[in-house]
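Asker: Pasting in a structure now, in structure tokens, and then I'll have a few things to ask.
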Amino acid sequence: MAFPGKFSKWHNLADKGAKVSPQILEQLFPVRNLSEEVRLSFAEENHMESIPAGATLFTIDTPTDSAIYLIKGSINFTDQNGRSYSIEAGSPKAKFPICSGNKHTTTAVTETEVSLLRVSLSIMSSCNRNQHQALEIPPKLSDNRLLALFADHYLNHELEIPSLPEVAIQIRKAIQADVNLDEIVKIVNLDPVISAKLVEVANCPLYIAQAPAKNCMDAIKRIGLNATRSMVVSLSLKQVFKSRSQPIKLRLEELWKKSLYLSTLCHILAKAGKEINPEDALLAGLVSDIGGIPFLNFVANLPNEFTKDKEISEALPIVTPVVGTTVLKEWQFAPEFIDVSLNSHNWYQNSGDNLSLTDIVVLSRLHTLIGNRALHDPLPAITSIPAAGKFKGIALSPENTLAILHDAKSKIHSALRLFLT
């Protein structure tokens, strides 16, 4: 038995199940972010749908008209490569929608009788996407003194924004002014460290070339002017991740390493997808969490009683997206990079039908977390998030995710050595 994707047909074929309870809604991401009043109202009016075993819920490449949650039973999913996996109700992945993008990236067949809850995609979007840049403190963190102190600091426009390194500013201006290649090389050579690193980048395993680049001119010719702009900014960003406070210095170093790992995966996925410039993707990964730097620098200047590790760790995810947009606007980054900072922690962001820089960072961020045993929060299935449906280079699936990470291992290690030294 197959159930078409349209709401009305599916609704007529499915048996009306029990009402969805507020307790169930509190467990579902990101529905749980809605206000309690909205959840209670939704629970009062909406029922789950009961589907028998052996039913095809949807097929690959068919349009999606709603986000679907698995509340009871088990569903088998098959990706474009014929690989299969199952999701069971009550498992961590069942806390997320089993589909949510513009089109389905798998074929789903019920293994048992299931109960499903369907939510409007527009509700999902309004529930998740950050439309403003106010720094709001969640009720559960109302007793976090550090977060409250920083929120006042931010509200009063007292935020100290780090300066973008001079060579990065000059390169951007030169490329915008359409100067010739010789002038670009002269600017890069003003910083011998950046110049040498650019040659290393051009010769690293991320690029395929028969002859090695011997100098800055060769390197820029190989990777192109726009890529050079992105790479120079990327290479110079390490200077921003610094602090005199030893505890904060350690946190900034950890943030830098995580940003490097994420950015390398962004480069690899962008190259595989062939829709996004890989160097732009690398830079997007590096600046996606840049908002953490002004916050940590603010913490470094506070008395010890305000620098509790627990409060810092709780505050970082709240302040990083919002402060990051402020930093990137001050640095005059393009809107697509600002959107990365604001929304790349949101698995269900969906700004359009075409693959975006934010989509690449979201997919890469999920890849970095898969297999992390220390992670406490559950993760959605990669096939269920909107960004996966836009990616054309590789059929993304749990198995392919592990294969990508394995195949990219040497490239990642080479890139990390390059940026860390």
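The values are calculated or read from the model by the stated rules, or taken from the named source; none is laboratory data. Because the structure is a prediction, the values reported are computed rather than measured. Every residue, glycine as well, gets a Cβ built from its backbone with ideal geometry; the counts of neighbours run over all protein chains shown. Areas reflect the complete protein model, heavy atoms only, side chains present, ligands, DNA and RNA absent. Shrake-Rupley method; radii C 1.70, N 1.55, O 1.52, S 1.80 Å.
Asker: Consider Val362 against the criteria (1) open to solvent by 20 Å² or more (accessible area, probe 1.4 Å); (2) free of Cβ contacts under 8 Å to residues at least 60 places away in the same chain; (3) in a helix (DSSP H, G or I): it satisfies all of them except one. Which criterion is unmet?
Answerer: (1)
Asker: Can you give me the number of residues within segment 244-300 that are at pLDDT 95 or above and among the polar types (S, T, N, Q)?
Answerer: Residues meeting the conditions: 1.
Asker: Check whether at least one residue in segment 18-30 is under 23 Å from Lys390 (Cβ atoms), part of a loop (DSSP other than H, G, I, E, B), open to solvent by 30 Å² or more (accessible area, probe 1.4 Å) and of a type outside the set (Val, Ile, Thr), and report yes or no.
Answerer: For segment 18-30, residues under 23 Å from Lys390 (Cβ atoms), part of a loop (DSSP other than H, G, I, E, B), open to solvent by 30 Å² or more (accessible area, probe 1.4 Å) and of a type outside the set (Val, Ile, Thr): present.
Asker: Just name the residue that is surrounded by the most Cβ atoms within 10 Å (Cβ to Cβ) out of those in segment 123-156 that are modelled with pLDDT of 80 or more and not in a helix (DSSP H, G or I).
Answerer: It comes out as Asn144.
Asker: Which condition from (1) under 19 Å from the mean Cα position of the chain (by Cα); (2) more than 16 Å from Gln23 (Cα to Cα) is the one that Lys95 breaks?
Answerer: It fails just one condition, (2).
Asker: Tell me which residues, restricted to segment 7-24, are under 31 Å from the mean Cα position of the chain (by Cα), under 19 Å from Asp65 (Cβ atoms) and modelled with pLDDT of 65 or more.
Answerer: The one that is under 31 Å from the mean Cα position of the chain (by Cα), under 19 Å from Asp65 (Cβ atoms) and modelled with pLDDT of 65 or more: Val20.
Asker: Name the strands (runs of 3 or more DSSP E) wholly within segment 68-110 that hold at least 1 residues that are surrounded by 19 or more Cβ atoms within 10 Å (Cβ to Cβ) and not β-branched (Val, Ile, Thr)?
Answerer: Of the strands (runs of 3 or more DSSP E) lying wholly inside segment 68-110, those with at least 1 residues that are surrounded by 19 or more Cβ atoms within 10 Å (Cβ to Cβ) and not β-branched (Val, Ile, Thr) span 74-78, 107-110.
Asker: Condition test on Leu237, is it under 15 Å from Phe333 (Cα atoms) and in a helix (DSSP H, G or I)? Please lay out each step first, then the result.
Answerer: Details: under 15 Å from Phe333 (Cα atoms): yes; in a helix (DSSP H, G or I): yes.
Here the answer is yes, as Leu237 does meet what is asked.
Asker: Return the pairs, sorted by first residue and then second, in which the second residue is open to solvent by 10 Å² or more (accessible area, probe 1.4 Å) and not aliphatic (A, V, I, L, M), the first residue lies in segment 255-273 and is under 15 Å from Ile370 (Cβ atoms), the beta carbons are less than 7 Å apart, and the residues are 6+ apart or on different chains.
Answerer: Taking only residues 6 or more apart or on different chains, the pairs are Tyr261/Thr368; Leu262/Arg365; Leu262/Thr368; Leu265/Thr368; Ile268/Lys411.
Asker: Name the residues in segment 277-320 that are in a loop (DSSP other than H, G, I, E, B), under 18 Å from Lys249 (Cα atoms) and either among the hydrophobic types (A, V, I, L, M, F, W, C) or in contact with a Cys (Cβ under 9 Å, 6 or more places away or on another chain) (or both), would you?
Answerer: Of everything in segment 277-320, those that are in a loop (DSSP other than H, G, I, E, B), under 18 Å from Lys249 (Cα atoms) and either among the hydrophobic types (A, V, I, L, M, F, W, C) or in contact with a Cys (Cβ under 9 Å, 6 or more places away or on another chain) (or both) turn out to be Ile290, Leu302.
Quick grid of which residues meet (1) of a type in the set (A, V, I, L, M); (2) within 19 Å of the chain's Cα centre (by Cα); (3) open to solvent by 20 Å² or more (accessible area, probe 1.4 Å):
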{"position": "Ile220", "(1), (2), (3)": "yes, no, no"}
{"position": "Leu225", "(1), (2), (3)": "yes, no, yes"}
{"position": "Ser236", "(1), (2), (3)": "no, no, no"}
{"position": "Lys242", "(1), (2), (3)": "no, no, yes"}
{"position": "Lys249", "(1), (2), (3)": "no, no, yes"}
{"position": "Lys257", "(1), (2), (3)": "no, yes, yes"}
{"position": "Leu260", "(1), (2), (3)": "yes, yes, no"}
{"position": "Thr264", "(1), (2), (3)": "no, yes, no"}
{"position": "His267", "(1), (2), (3)": "no, yes, no"}
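Asker: While we're here: Is one or more of the residues making up segment 337-344 at negative phi, in a helix (DSSP H, G or I), of a type in the set (Phe, Trp, Tyr) and without any contact (Cβ under 8 Å) to a residue 60 or more places away in the chain?
Answerer: Start the filter on segment 337-344 by keeping residues that are at negative phi, which leaves 337-344.
Cutting the leftovers down to in a helix (DSSP H, G or I) gives us 337-343.
Filter once more, keeping what is of a type in the set (Phe, Trp, Tyr): 337.
This time we only want the ones that are without any contact (Cβ under 8 Å) to a residue 60 or more places away in the chain, so: 337.
So far as segment 337-344 goes, yes, one or more of its residues are at negative phi, in a helix (DSSP H, G or I), of a type in the set (Phe, Trp, Tyr) and without any contact (Cβ under 8 Å) to a residue 60 or more places away in the chain.
Conditions (1) small (Gly, Ala, Ser); (2) at pLDDT below 90; (3) surrounded by fewer than 17 Cβ atoms within 10 Å (Cβ to Cβ), marked per residue:
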{"residue": "Pro335", "(1), (2), (3)": "no, no, yes"}
{"residue": "Ser344", "(1), (2), (3)": "yes, no, no"}
{"residue": "Leu355", "(1), (2), (3)": "no, no, no"}
{"residue": "Ile385", "(1), (2), (3)": "no, no, no"}
{"residue": "Ser414", "(1), (2), (3)": "yes, yes, yes"}
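Asker: Right, here's the next one. Looking at segment 296-335, which of its residues are aliphatic (A, V, I, L, M), touching a helix residue (DSSP H, G or I) at 6+ places or on another chain (Cβ under 7 Å) and under 18 Å from Glu160 (Cβ atoms)?
Answerer: As a first pass, look at segment 296-335 and keep what is aliphatic (A, V, I, L, M): 296, 299-300, 302, 312, 315-316, 318-319, 322-323, 327-328, 334.
Pick out the ones that are also touching a helix residue (DSSP H, G or I) at 6+ places or on another chain (Cβ under 7 Å) and you get 296, 299-300, 312, 315-316, 318-319, 323, 327-328.
Once the filter is applied, which keeps residues that are aliphatic (A, V, I, L, M), touching a helix residue (DSSP H, G or I) at 6+ places or on another chain (Cβ under 7 Å) and under 18 Å from Glu160 (Cβ atoms), segment 296-335 yields Leu296, Val299, Ala300, Ile312, Ala315, Leu316, Val319, Val323, Val327, Leu328.
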